[in-house]
Structures are given as C-alpha cells and as structure tokens.
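Each remark here refers to the structure printed beneath this line.
The values are calculated or read from the model by the stated rules, or taken from the named source; none is laboratory data. This one's a predicted model, so the numbers in the text were calculated from it and none came from an experiment. Neighbour counts are summed over all protein chains in view; Cβ atoms, including those assigned to glycine, are modelled from backbone coordinates with ideal geometry. Areas reflect the complete protein model, heavy atoms only, side chains present, ligands, DNA and RNA absent. Shrake-Rupley method; radii C 1.70, N 1.55, O 1.52, S 1.80 Å.
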Amino acid sequence: MQQQTFYWITVAIKLVLCLFLWLPGSQASVSFKPNIVLILADDLGIGDIGCYGNDTIRTPNIDRLAKEGIKLTQHIAAAPLCTPSRAAFLTGRYPIRSGMDSTSEFRVIQWNAGSGGLPPNETTFAKILQKQGYITGLIGKLAGLVSVSWKIMICFAWFDLLFFMSWFSMYGFTRFWDCIMMRNHEITEQPMVLERTASTLLKEAVFFIERNKHRPFLLFVSLLHVHTPLITTERFLGKSRHGLYGDNVEEMDWMVGRILEAISTEDLKNSTLIYFASDHGGFLEAQEGKAQMGGWNGIYKGGKAMGGWEGGIRVPGIFRWPGMLPTDIVIDEPTSLMDIFPTVAHLAGGTVPQDRIIDGRDLMPLLQGRVQHSEHEFMFHYCGVHLHAVRWHQKDSGAIWKAHYVTPKFSPEGAGACYRIGICPCFGEGVTHHDPPLLFDLSQDPSEANLLSPGTEPLFDTIISRIERAVEGHRRTLTPVPQQLSLYNIMWKPWLQPCCGTFPFCWCDKEGDSTHDSK
C-alpha cells in the first residue's frame, strides 16, 4: 500500500513538473535549444499587411502568423535605411557605434566592390549561436561586406577605372557587376537571373530546414521583397488591387507561407521560434509615373530614409512559438529590431558580449508575460550620424513622448515626403532644426498630428529637460570609430569586384536547371 501511494505521489510530482516546464511565463519554460527562423522584409510598410490594418492587399500567411503568436505594435527599427538598420539588427547595437551610419549623403552600401561594411570586431548573433552548437544560415540580401584594407597601387586603380569606364556604361554596370547570386563565397549567377530569384531563395530556405531538422538551427531569411525593382514572378503579376507593388507583397506573403509549411511538414512547429519584421518603413517616393512602387505606412507620418517620423522606423513585428508564447496577443510596448540579438542569444544558451554596449534587450520576459513593460526607457532615432528624434517611455504614467530635434523639409511643401528630390536628407538645407524640439505624445497621438507646447502640455519643460539629459548620457557612451560609409569606403573598387569569370568579363550561371519554381 505504501509503495502504491509512493508511486502515485511520484507520478503526480512529474505531471506537475512537466506542466510547470510547459507553462508560458515560467522561467524554466525554455529548457531546450529551439530552432530560430528570422524573416526580414525589405522596405515593407507597416500598413501593407492585413493584421496591421490593410484590407486590400492579401497577406493570409503573415496574418495567420500573428493570430498564432504575438503582434508588436510599437516595433522600431534603429535606422530608416537598410544598411544601418540591418547592421543594428545583426549586432544589437545602434549603427553609430560600429561606424555603420553616415556623415554624408551616402548612407548605404552602394556596390559589392566597396570596402566598407560591418567591422570584423563586431559580434553578430550568428557567431554567438554557432558557439552554442547551432547550424546557421543566411539566405537572401546581405547587410554589407566585411571591411577590407586596400593594398593596391593607386595608379593601377585609376588605370582600371579609365580603361573600363566606357565598357561599364555600355555593358550594364549595375546588372552585371552588382546583381549577383552567391552560395557561401562562390558566385553562382552573374548577373542574377531575376525571373527565378524568388524561387531560388525559397528553395534554399526549405532545403536548409529539411537538411538540419535533427539539430538546432538559426535561419535568417533576408527577403528581397518588397524593394524596387519589385521583381515578381508571373503567377502573381496583376493579381493584387495595388499594381506591381501589391503583387510583390502578395508574393512575399506566399513565400512566408511556404517557409511555415516546410516547418510544419518537418514536425518542427512547436520547437521553432518564428520572427517576421521589416528593416524599415515603406519607400513613399518610389514612383513610376502615377504608379506607386513603394509601400504604405498606415497612419504614421513619413517613410523610408526619415530618421525621426514614425513611418520610417515603425515596422511590423511578429513572433510565434507554440506552447512557449501565448497566441493572438498584441503588445503595445516599445521594442526594437536590436532586441533580436540578445533574445536569440539567451534562447540558445549564450551570453552577449560584455566588452561593449548592447542596446537591445531580451524580449522573452515581455513576450511570455512575465513583465508588463519594455526595458526600453529611451530610444534614439538617427538619420545618418545625426540625432533627429528621441522617444521616452515614461513607465509610471504610460505616456510615450517623442521629441524631434530635426525634421526633413517635405517637397512639395505639405506633401508628406520628399518627392522632388527622391529621398529625404539628414542635414543641410533640406532639414529644419527645432529649438525647442517638436513634442508629441505617441500614446495618444501615434500619427504625430497634434503638436504639444508649453500652453497645451503643463509638463512640456520637464519632459524636454528629461529627454535632453538622456541625450547627454547617451552621447557619453559613444566612442569614435572608423566610418564604414565614408565616400572612399562606398566607392566601387575594381580590385574588390566579385567576378565569376575573367575580369572584367564577369558572368556565369551555375544554378541553371538546378533551380526550379517552387509550387
């Protein structure tokens, strides 16, 4: 009788322990190394997706992802352009800390043969997970090349430039030299065969999942969608209500659905954390005649390249992990793309570097409901190296204040974007400096339509003073670093040009018939 009682007591303890380990919100709930799939769209506006309010573009797969997981409504990119935003995403640090923000009007990596890029001394989340036994894969767009110090004689460089200048212009510089497909360090297509690019990337993503299903993996799918030139396969052309841009968004959603299907097919759904986001807001100025080729940022002012206005930096953010995260939840707390770095590092059992400042925060306590507020009190919104705005999450009151020190001058005036010049600048005659700064309460006015003043906000001076102290403290944490986006670093250099063939006749197609359209 005693043995039988002891047996049932033991069974009960095990059942309770198993329940404790499963419950979302338990510190012990993550007791194994999950697979991690990160999907990052390019130039996607937060207003382009159904679950964020769009009712004319069909995104059923992304919408289902949000229904089965958590939707972040105040998910913020660290920069309004791809190169600095992706650098921050990979490292968990403001791009100004690694020299990945620009002092000039050249704000992104322009060419494959530039010498700028993410410095080798920066640590990406992939490096941390590899040390924890993860197999890692990056499929899609790169954030930039590793810095390379030049040792070629200047006279040789100028000779190359002059000799091939006319040939470049006739032959199609960008297409043949900058649009390439690579597998690891080998060029497989030069120029890239755009008609099959989507199916090639999707095939590689699915194959990666199938090949590594028996061990923990990190897969970063860096989509080319929905960046111009909006390469869209024939099956999606003319299917949406918003022209080529809408077609491209719907194809992107289909690709997300195929990745989710592959995870389910391999019985990995419950052991895989999925994350979907965009690198920054939609490109308002992208137009061809009357056709809009860029995205829609919903109720938010501004867009791509604008360092302060919400439309350039507020992006979709969706997490799904069945059994470990709650379902159909909306979180309105401020979060950042930089948070992915410490989040996945901790999930993998790793630690973030202790010899540098990490600006991201582990999101798991917030996602699992163990805490109610984001760890972010202040967020600093840069345009290049120029601080344009600061966000203060005043946790005791719930208010989210936003102070704009610099804003772009829209052209034409009042248009909402810089249509006449194609992209908004960060400094110079194309911006307006504000003293005192423009102040908005994002918790009550997310569209930044109601400007506050000492007459309408009794705490105006107190709020501005607190934000300015935070700016001073933040600037004390910055140290001088080499500028990766300097004019020299972004210049095309013939000796760094990736070439499949004999320079300068660079072309090949090693994918050939091995890549087929995924159905």
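Brief remarks follow.
- For the range 87-122, a residue qualifies if it is under 24 Å from GLU333 (Cα atoms) and open to solvent by less than 10 Å² (accessible area, probe 1.4 Å), and the qualifying residues are ALA87, ALA88, PHE89, THR91, GLY92, PRO95.
- Within the range 373-389, residues that are farther than 15 Å from HIS280 by Cβ and touching a residue at least 12 places away in the same chain (Cβ under 8 Å) reach partners that are assigned to a loop (DSSP other than H, G, I, E, B) and of a type in the set (Ser, Thr, Tyr) with beta carbons closer than 6 Å, at six or more positions or on different chains, in the pairs VAL385/THR103.
- Any chance ILE274 is assigned to a strand (DSSP E or B) and either over 25 Å from LYS395 (Cα atoms) or not β-branched (Val, Ile, Thr) (or both): yes
- Residue within the range 203-211 that is closer than 25 Å to GLY257 by Cβ, hydrophobic (A, V, I, L, M, F, W, C), open to solvent by 40 Å² or more (accessible area, probe 1.4 Å) and at pLDDT 90 or above present: yes
- Per-region count, the range 461-485, residues under 20 Å from ASN121 (Cα atoms) and surrounded by fewer than 17 Cβ atoms within 10 Å (Cβ to Cβ): 6
- Taking the range 377-389 as the range and being crowded, with 22+ Cβ neighbours inside 10 Å and in contact with a Gly (Cβ under 9 Å, 6 or more places away or on another chain) as the test, the residues that pass are HIS381, TYR382, CYS383, GLY384, HIS388, ALA389.
- Subset tally (residues that are assigned to a loop (DSSP other than H, G, I, E, B), open to solvent by 70 Å² or more (accessible area, probe 1.4 Å) and under 25 Å from GLU333 (Cα atoms)) for the range 345-356: 1
Let's see how each residue does on (1) crowded, with 24+ Cβ neighbours inside 10 Å; (2) modelled with pLDDT of 95 or more; (3) more than 23 Å from the chain's Cα centre (by Cα); (4) part of a helix (DSSP H, G or I):
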residue: GLN4; (1), (2), (3), (4): no, no, yes, yes
residue: LYS14; (1), (2), (3), (4): no, no, yes, yes
residue: GLN27; (1), (2), (3), (4): no, no, yes, no
residue: ASP43; (1), (2), (3), (4): yes, yes, no, no
residue: GLY47; (1), (2), (3), (4): no, yes, no, yes
residue: LEU65; (1), (2), (3), (4): yes, yes, no, yes
residue: LEU72; (1), (2), (3), (4): yes, yes, no, no
residue: ALA79; (1), (2), (3), (4): yes, yes, no, no
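- Pair list, Cβ < 8 Å and 6+ apart or interchain, from the range 467-486 residues that are within 30 Å of SER115 (Cβ to Cβ) to residues that are of a type in the set (D, E, K, R) and surrounded by 18 or more Cβ atoms within 10 Å (Cβ to Cβ): LEU478/ARG97; THR479/ARG97; VAL481/ARG97; LEU485/ASP101; LEU485/ARG107
- Residue that is surrounded by the fewest Cβ atoms within 10 Å (Cβ to Cβ) [pool: residues in the range 358-374 that are outside any helix (DSSP H, G or I) and more than 20 Å from the chain's Cα centre (by Cα)]: GLN372
- Meets criteria (open to solvent by 20 Å² or more (accessible area, probe 1.4 Å), more than 29 Å from LEU72 (Cβ to Cβ) and touching a helix residue (DSSP H, G or I) at 6+ places or on another chain (Cβ under 8 Å)) for LEU237: yes
- Restricting LEU224, LEU218 to those that are assigned to a loop (DSSP other than H, G, I, E, B) and either of a type outside the set (Phe, Trp, Tyr) or touching a helix residue (DSSP H, G or I) at 6+ places or on another chain (Cβ under 9 Å) (or both) reduces the list to LEU224.
- For SER166, the conditions (1) among the polar types (S, T, N, Q); (2) in contact with a Cys (Cβ under 6 Å, 6 or more places away or on another chain); (3) modelled with pLDDT under 85 are fulfilled apart from (2).
- When residues of the range 123-138 are limited to those that are in a loop (DSSP other than H, G, I, E, B) and open to solvent by 40 Å² or more (accessible area, probe 1.4 Å), the one nearest to LEU347 (Cα to Cα): GLN132
- Taken over the range 411-437, the residue count meeting the criterion of being crowded, with 16+ Cβ neighbours inside 10 Å, among the hydrophobic types (A, V, I, L, M, F, W, C) and over 25 Å from the mean Cα position of the chain (by Cα) is 1.
- Residue in the range 438-460 that is open to solvent by 40 Å² or more (accessible area, probe 1.4 Å), of a type in the set (D, E, K, R) and more than 21 Å from GLY114 (Cβ to Cβ) present: no
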